[in-house]
Amino acid sequence: MSEAVGTARVKRGMAEMLKGGVIMDVVNAEQAKIAQDAGACAVMALERVPADIRAQGGVARMSDPDMIEKIKAAVTIPVMAKARIGHFVEARILESLGVDYIDESEVLTPSDYENHIDKWDFKVPFVCGATNLGEALRRINEGAAMIRSKGEAGTGDVSNAMMHMRKIGGEIRRLSSMREDELYVAAKELQAPYALVKEVAETGKLPVVLFTAGGIATPADAALMMQMGADGVFIGSGIFKSGDPAKRASACVKATTFFDDAKVLADVSRGLGDAMVGINVADLPAPHRLAERGW
Amino acid sequence: MKIGVLALQGDFREHLLAAKQSGHAALTVRRIDELAEVDALIIPGGESTTIAQLARTFGLFEEIKKHISAGMPVYGSCAGMILLADRIVDGAVGQETFGGIDMTVRRNAFGRQVDSFESDLNFAGSQMRAVFIRAPWVEEVSNSVQVLAEVLASDGKRHPVAVRQGSLLATSFHPELTGDLRVHRYFFDQVCVGAIK
């Protein structure tokens, strides 16, 4: 009997189990329990949600292992954590803590402005952000087992996530319509490996699960992203920066499952209290836009 | 047959595909009226707490229990196995299951995601590659439960990872991820046939 851990099938399969679900940012054990009780399919453990990272500034890094351990102990659902782009030592530390997924995230300050982590070298799976198909395929080529749109984290403005989902979807549809002999140039233009480009052209989808993230703040936002073809949703600041986190969390979970049922969406959108105030992405000076980190 | 796949959360699309590839009509089940339409039900992999919570909210929880009691054939993989267990250990506080199989299932028994694995095993006489993801195992079963597959686990004991009791089938692993239809065919051909009135 040959037993194997950390295979691509096991890593990608883990993301398959999260589909149709909501992954919520939490900063302590209490929030993690609220998220689990509301029906979150996983939590992202971090010290500051993106809205606070934005407000407080400074270098944002991996969270304290103590805080991650406490969250792990508080819930039975998977626990994810963020490492800085290219910071393979933070990733090793998170792997040794037994987190279930690592987000190599642009929300933290990058540690390397050229290279991402060689993710094949780890047993733990990675999720990475992407703003377009080429970026998604470059991350998959480096071993990412799950992709999420980047959106503009910590804003509560869903427009960038929308743009990235449209872009990724549009580029996939374009590949599917091409002649086989045109895929070589398509790969060159996408700056992505030919084998992956060919696979996407043939199957009409990414070879890994595609979630959406960045700026999702309401049940309607979550449903919008599901209708745009996302397999599931990350909600960062949107839950615990709102007036009634437990109620909003539960509403977003229901909206993600019943994304195509306007009646359910209307019901769950009632009486949620204040949504996070948010920032319009257009008002953010370009150097403060996180989605532009990563390449 | 009309096979329903509980589509609240998890990898239900893969189970829908497996049912179609086996030559059956495959329908998503998110509501009570959709459950009433189908001959058998598959509970997919996913998060058992999420699936139970959504089933509770949308009135499916008691309805699925009723269908199980009435003899509807149900197959659960991973989270689905947990939801078919009469008893669970290491679950979330107050975690509920549909129940139906007289067994105790340990959640995340093989460990966290870094311990997730694939392995060859013998399922009801067939050799196959099985994928285990944060998988549960069966801690103990009553005499009325038939063990269809076991693996040797890190605690040095052999634990059942596929079981059947009457019209209910459960596996710790995910045949829907390997494109191997033999477990689904076993469910359709051995479990459903005869159980569907």
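The values are calculated or read from the model by the stated rules, or taken from the named source; none is laboratory data. Every value quoted in this text rests on a predicted model; they were computed, and no experiment measured them. All Cβ positions, glycine included, derive from the backbone under ideal geometry; neighbour counts span all protein chains shown.
Those helices (runs of 4 or more DSSP H) of the stretch A:1-65 in which at least 1 residues are free of Cβ contacts under 8 Å to residues at least 12 places away in the same chain and within 11 Å of another protein chain (Cβ to nearest Cβ), considering only elements entirely within it, cover A:8-18. Every condition in (1) free of Cβ contacts under 8 Å to residues at least 60 places away in the same chain; (2) surrounded by fewer than 21 Cβ atoms within 10 Å (Cβ to Cβ); (3) closer than 18 Å to residue B:18 by Cα holds for residue B:158 except the one numbered (3). When you scan the stretch B:28-140 for strands (runs of 3 or more DSSP E) that lie fully inside it, which ones turn up with 1 or more residues that are modelled with pLDDT of 95 or more and touching an Asp or Glu at 6+ places or on another chain (Cβ under 8 Å)? In the stretch B:28-140, the matching strands (runs of 3 or more DSSP E) lie at B:74-77, B:85-89, B:101-106, B:117-123, B:126-132. Here the condition is being within 14 Å of chain A (Cβ to nearest Cβ) and within 25 Å of residue B:160 (Cα to Cα); of B:68, B:51, it holds for B:51 alone. Within the stretch A:107-125, restricting attention to residues that are closer than 17 Å to residue A:61 by Cβ and surrounded by 24 or more Cβ atoms within 10 Å (Cβ to Cβ), the residue that is nearest to the other protein chains (Cβ to nearest Cβ) is A:117.
Does residue A:184 satisfy the criteria of being surrounded by fewer than 21 Cβ atoms within 10 Å (Cβ to Cβ) and assigned to a helix (DSSP H, G or I)? Spelling it out, residue A:184 is indeed surrounded by fewer than 21 Cβ atoms within 10 Å (Cβ to Cβ) and assigned to a helix (DSSP H, G or I). For the stretch A:66-92, what are the residues that are under 29 Å from residue A:20 (Cβ atoms) and away from chain B (no Cβ under 14 Å)? A:67, A:70, A:82, A:83, A:85 - these are the residues of the stretch A:66-92 that are under 29 Å from residue A:20 (Cβ atoms) and away from chain B (no Cβ under 14 Å). Just to be sure, is residue B:166 of a type outside the set (A, V, I, L, M, F, W, C), touching a residue at least 40 places away in the same chain (Cβ under 8 Å), more than 10 Å from chain A (Cβ to nearest Cβ) and in contact with a helix residue (DSSP H, G or I) (Cβ under 9 Å, 6 or more places away or on another chain)? Yes; evaluated as a whole, the condition is true for this residue.
The residues of the stretch B:108-149 that are closer than 17 Å to residue B:81 by Cα, at the interface with another protein chain (Cβ under 10 Å from one of its Cβ atoms) and surrounded by fewer than 17 Cβ atoms within 10 Å (Cβ to Cβ) amount to a single one, B:111. Among A:263, A:241, A:247, which is surrounded by 17 or more Cβ atoms within 10 Å (Cβ to Cβ) and either within 14 Å of chain B (Cβ to nearest Cβ) or among the acidic types (Asp, Glu) (or both)? Just one listed residue meets the conditions, A:247.
For the stretch A:266-295, give me each residue that is touching a residue at least 40 places away in the same chain (Cβ under 8 Å) and within 14 Å of chain B (Cβ to nearest Cβ). Answer for the stretch A:266-295, where residues must be touching a residue at least 40 places away in the same chain (Cβ under 8 Å) and within 14 Å of chain B (Cβ to nearest Cβ): just A:268.
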